[in-house]
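Trainee: Dropping the structure in here first, questions after.
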Amino acid sequence: MFFQCLLFLFALSSLKAAFIANEFNWQYSSFYGSDKWEGLCSTGKSQSPIDINTTDVDTVHYSKLNFVNYDKNGSVDLNDNGLTVIVSGFDSWGKNQPYITGGSSKHEYELIQLHIHWSQHDDEKGSEHAINGKYYPAEVHLLHVKKGFNHVEALSQPDGILVVALLLTLGNSSKAFAPFEDDFKTMLLPFFGNIPESVENYQPKTILPSYTDSYYQYKGSLTTPGCYESVVFIVLAEPVSMTSYQLELLRNIRHYDPSEVSDNVRPVQPLNGRRVLFRPKTNSTKSKRSRKSKHVYTKKH
């Protein structure tokens with residue numbers, strides 16, 4: 001029994017590392033950069049992120065996504081693990097835990113955490129996903145686990161994880177990151193004594209764009225080791241605004257030793273025959289597919 005408990009704890013710790021690893025044997029650059037990542041990261045055929053070509057997608061008319069309990073308020077923890085900033089604690093909200101329904105799935109996916117990807121220096125290449133070869137200043141991932149599965153079990157399911165990606169643009173004002181601004185100013189790397197900051201009365205709806213009905217969807221993976229191909233990726237078509245000031249706060253978080261700071265962005269991966277689905281702005285729930293959609297995405301500034 002003791003041995004089984006040890007195995008479970010090891011699996012759980014490995015899962016946490018897989019979601020957003022905080023280990024020292026991989027990084028985004030230098031000797032342990034993404035070109036050195038092993039396992040599925042180098043051999044997988046359904047890896048993320050990708051460059052979405054909007055003239056070569058399959059148009060579908062799924063039902064819209066329902067962001068249930070995203071309008072609820074609760075306490076979350078804000079933490080810097082040296083590789084990204086993580087907002088977690090949603091699984092302690094009980095009956096108010098946010099979750100997603102709708103789209104192509106009949107399942108519910110419960111929000112576990114969200115985290116951020118950005119560039120340290122380049123406002124034009126901070127997102128992981130690209131649209132027609134164009135990148136955004138930053139990208140948020142809302143990570144959900146299929147209801148009825150624990151974290152470890154979800155990794156063994158072909159659709160155990162649902163990640164909603166939000167592409168970020170720079171604007172004059174933003175409510176998306178306002179709840180975290182003060183904490184961004186004081187956060188340090190964890191191995192220098194960082195303690196997770198508690199944020200009270202956080203409402204995850206504030207980070208969503210005003211319109212969530214239109215999106216791109218594809219079969220993908222976690223974008224950090226071990227790159228498990230258990231993910232349904234949804235990239236919302238409407239970006240979210242953040243201010244230049246908020247982006248600079250993010251860049252300063254991992255600023256203790258500037259020589260060690262790098263972009264926390266994985267390069268785009270080959271599609272390997274995968275098709276990207278596009279759900280346009282429509283109220284229709286009738287499912288149909290049309291190859292090589294001529295939908296043209298307009299980037300908002």
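The values are calculated or read from the model by the stated rules, or taken from the named source; none is laboratory data. The model shown is predicted, which means the values in this text are computed figures rather than measured ones. No Cβ is skipped: glycine too gets one built from the backbone with ideal geometry, and neighbour counts run over all protein chains shown.
Trainee: Pick from segment 163-199 the residues that are modelled with pLDDT of 95 or more and in contact with a Gly (Cβ under 9 Å, 6 or more places away or on another chain): which of them is surrounded by the most Cβ atoms within 10 Å (Cβ to Cβ)?
Mentor: 168
Trainee: Just the residues that are in a strand (DSSP E or B), farther than 17 Å from residue 219 by Cα and of a type in the set (Asp, Glu), please, taken from segment 49-102.
Mentor: Within segment 49-102, 77, 80 meet the criteria.
Yes/no per residue for (1) part of a strand (DSSP E or B); (2) hydrophobic (A, V, I, L, M, F, W, C):
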site	(1), (2)
158	no, no
163	yes, yes
173	no, no
212	no, no
216	yes, no
234	yes, yes
238	no, no
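Trainee: I would also like to ask the following. With (1) buried (at least 18 other Cβ atoms within 10 Å of the Cβ); (2) at pLDDT 95 or above; (3) not in a loop (DSSP other than H, G, I, E, B) as the list, and residue 46 as the residue in question, which single condition is left unmet?
Mentor: That leaves (3) as the condition not met.
Trainee: Then there's this: Identify, by number, the condition in (1) modelled with pLDDT of 95 or more; (2) within 30 Å of residue 39 (Cβ to Cβ); (3) buried (at least 20 other Cβ atoms within 10 Å of the Cβ); (4) not hydroxyl-bearing (Ser, Thr, Tyr) that residue 229 doesn't meet.
Mentor: (3)
Trainee: Another question, then. Please verify whether segment 7-16 includes one or more residues that are at pLDDT 95 or above and either over 25 Å from residue 146 (Cβ atoms) or of a type in the set (Phe, Trp, Tyr) (or both).
Mentor: Applying the first criterion (at pLDDT 95 or above) to segment 7-16 yields none.
Scanning segment 7-16 turns up no residue that is at pLDDT 95 or above and either over 25 Å from residue 146 (Cβ atoms) or of a type in the set (Phe, Trp, Tyr) (or both).
Trainee: Sticking with this structure for a sec: May I ask you to verify whether residue 128 is surrounded by 21 or more Cβ atoms within 10 Å (Cβ to Cβ), touching a residue at least 24 places away in the same chain (Cβ under 8 Å) and among the charged types (D, E, K, R)?
Mentor: Against the criterion (surrounded by 21 or more Cβ atoms within 10 Å (Cβ to Cβ), touching a residue at least 24 places away in the same chain (Cβ under 8 Å) and among the charged types (D, E, K, R)), residue 128 qualifies.
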